[in-house]
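K.L.:
Dumping the structure here so I can ask a few things about it.
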Amino acid sequence: MSRESLGHFELLVLLALIQVGEDAYGVPIAQAIEESSGKPVIMASVYNTLERLEEKGWVQSAMGQPTAERGGRAKRYFSVTTAGLREVRAAKKTLTQLWRGIPATGGVR
């Protein structure tokens, strides 16, 4: 496991980013999480998480071209790095192993 831990929301953002694919920016990433979880997502949380993931080297970003529909502002597009994919795969492996250890009854009282 890396020295930097992968938080729950960080994992959701990474998975949504992978799912959205090309042209991924905050809005479609948030929509993917909302559709999957059924819970509202605060945009600031998505962007803060993307910045944190970029600092960790698990995500990279690039600015697009300014558009008139955005008042001359450009979108910031994100993609997962090789290190980010490694973290997602490690999280999947860990969660899968932990789920295998839960009895069929779910172990919930």
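The values are calculated or read from the model by the stated rules, or taken from the named source; none is laboratory data. A quick note: this is a predicted structure, and the numbers were derived from the prediction, not measured. Quick reminder, even Gly has a Cβ in these numbers, built from the backbone with ideal geometry, and neighbours come from all protein chains shown. Note: accessible area is taken over every heavy atom of the protein model, side chains too, but ligands, DNA and RNA are not part of it. Shrake-Rupley method; radii C 1.70, N 1.55, O 1.52, S 1.80 Å.
K.L.:
Among the residues that make up the range 1-10, is at least one of them over 12 Å from the mean Cα position of the chain (by Cα), surrounded by fewer than 18 Cβ atoms within 10 Å (Cβ to Cβ) and at pLDDT 95 or above? Spell out the reasoning first.
P.N.:
Let us first name the residues in the range 1-10 that are over 12 Å from the mean Cα position of the chain (by Cα), namely 1-5.
Cutting the leftovers down to surrounded by fewer than 18 Cβ atoms within 10 Å (Cβ to Cβ) gives us 1-5.
Pick out the ones that are also at pLDDT 95 or above and you get none.
The answer is no; no qualifying residue exists.
K.L.:
Which residue, of 31, 65, 60, 97, is open to solvent by 70 Å² or more (accessible area, probe 1.4 Å), touching a Ser or Thr at 6+ places or on another chain (Cβ under 7 Å), without any contact (Cβ under 8 Å) to a residue 40 or more places away in the chain and not basic (Lys, Arg)?
P.N.:
60
K.L.:
Here is a follow-up. Just to be sure, is residue 54 of a type outside the set (S, T, N, Q), closer than 20 Å to residue 87 by Cα and touching a strand residue (DSSP E or B) at 6+ places or on another chain (Cβ under 9 Å)?
P.N.:
yes
K.L.:
Tell me which residues, restricted to the range 68-80, are in contact with a helix residue (DSSP H, G or I) (Cβ under 9 Å, 6 or more places away or on another chain) and either modelled with pLDDT of 90 or more or open to solvent by 50 Å² or more (accessible area, probe 1.4 Å) (or both).
P.N.:
Once the filter is applied, which keeps residues that are in contact with a helix residue (DSSP H, G or I) (Cβ under 9 Å, 6 or more places away or on another chain) and either modelled with pLDDT of 90 or more or open to solvent by 50 Å² or more (accessible area, probe 1.4 Å) (or both), the range 68-80 yields 76, 78, 79, 80.
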